[in-house]
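A short worksheet on the structure shown next.
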Amino acid sequence: MKTLMAGTHSSGEKKSKSSEVECPGCGSSVTVRDYQQSKIICESCGRVLKGEIKDRGPEWRAFDQEGREEKSRAGPPSTETIHDKGLSTQIDYTDRDARGNKLSPEQRNKIYRLRKWHKRTKVSGSTERNLVFAFSEMNRMASQLSLPNNVQEIASKIYRKAVQQDLIRGRSIEGCSSAALYAACRKAEMPRTLQEIAEASKVDKREIGRSYRLIARELDIDLPLTDPARYVARFGSEVNVSGEAKVEAMEIIRKAQEERLTLGKSPSGTAAAAIYIAALKCGERRTQREVAKVADVTEVTVRNRYKKIVEELNEEIKV
């Protein structure tokens, strides 16, 4: 059974392929490749433009995902989260040759030595050892913080640039990797505070902050300001407020941003105050202590932000 694959080709691609021409019937330049019937068909009128095309799919057949994974000979795509970008090779531990026969004792000893030296040469220099340790720490922290893979990719790329520019020398690998992960969260607009990164890391919050400012300055990373509204969903769920209260909190933040009340203020503190006000408006009273705890700010911060927002937006917000 051949796989049915459909692909659209623009007229620009046809110019580079002499075998593909415009449809003589309707003049359309968009075609569909039907590998099941080995034909190129005009997408507009359905006219067969060419037959007996080559199937570019695999020569083997598989009927489930497990079978495809077993027969597939291509490896995973390259990734920044591995020190060698996932392009290295491995010597298997099955101790069998290409035909599936067991190796002789002499051959097994030889393969054992090759495998040992192969593993040693994969991480040969101090730079590669640095990357291996840093990326393993990033993977651990990203797993603990439930961060997606794209954030890890961004963090690994930032850390590689920092190593290339010799910014890690004299600083802890844990601190710089935590700073790179925090910068990646900022760049991907993932709502994670510096305190959360510090709790997942083994490094003090101040050291992570210093490393973060150094990396951002030296690498000239343009990081957007954190939107307080991005914290509302998570903080609101932790204090168990309704969806109506979350929407109201986002609206309060939007109005506060229009009045420029959030400039120079902690995004998590602003989000906590907005949730507190919204809960009061929706009749879902929460204490300032409860809201401050989930946002990892002090009750004084919540109280000050609350008073400022209510005072400036008194016409819209009546508590």
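The values are calculated or read from the model by the stated rules, or taken from the named source; none is laboratory data. All values derive from a computational prediction rather than experimental measurement. Positions of Cβ are backbone-derived with ideal geometry, glycine not excepted, and every protein chain shown enters the neighbour counts. Keep in mind that these areas ignore ligands, DNA and RNA; they rest on the heavy atoms of the full protein, side chains included. Shrake-Rupley method; radii C 1.70, N 1.55, O 1.52, S 1.80 Å.
Overview of results
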item	result
Derived scalar couplings ³J(HN,Hα) [segment 148-155; Karplus, 6.51 cos²θ - 1.76 cosθ + 1.60; whole Hz; x for Gly, Pro]	x, 5, 5, 5, 4, 4, 5, 5
Residues whose placed amide H lies under 5 Å from that of Lys39, excluding near-sequence neighbours	Asp34, Ile53
When each of Lys187/Lys265; Lys102/Lys122; Lys161/Lys265; Lys255/Lys307; Lys205/Lys293; Lys85/Lys205 is checked by Cα-Cα distance, pairs over 21 Å	Lys102/Lys122; Lys161/Lys265; Lys85/Lys205
Other-chain or far-sequence residues with amide H under 5 Å of Leu261's (modelled H)	none
Rg [Å, one decimal], Dmax [Å, integer] - segment 228-313, C-alpha atoms	11.0, 30
Probe 1.4 Å, all protein chains present, accessible-area order of Asp296, Asp34, largest first	Asp296, Asp34
Per residue convex hull volume, Cα atoms of segment 126-219, in Å³	81
Karplus (6.51, -1.76, 1.60) ³J(HN,Hα), θ = phi - 60°, over segment 279-293, in Hz, Gly and Pro reported as x	5, 5, 5, 8, x, 10, 4, 10, 6, 5, 5, 4, 5, 5, 5
Segment Ser28-Lys255, length gained on full extension (0.36 nm per residue, minus Cα span)	76.6 nm
Contour minus Cα-Cα distance for Arg140 and Leu219 (0.36 nm per residue)	26.0 nm
Rel. contact order, % - alpha carbon contacts under 8 angstrom, at least six apart, segment 161-214	39
For segment 164-256, with +1 on Lys and Arg beta carbons and -1 on Asp and Glu, the positive-most of Ile253, Pro191, Ala180 along the dipole	Ala180
Electrostatic dipole magnitude of segment 118-197 [Cβ: Lys, Arg +1; Asp, Glu -1; Cα centre; debye, to 20]	300
Using a Förster distance of 45 Å, the FRET efficiency for Glu199-Arg108 (Cβ separation, nearest 0.05)	0.40
Whole-Hz couplings from phi, Karplus 6.51/-1.76/1.60, listed for segment 117-126; x for Gly and Pro	6, 5, 5, 5, 6, 5, 10, 9, x, 5
Cross-link reach list, aspartates and glutamates versus Lys308, counting only Cα pairs under 15 Å and skipping chain neighbours closer than eight places	Glu258, Glu259, Glu299, Glu316
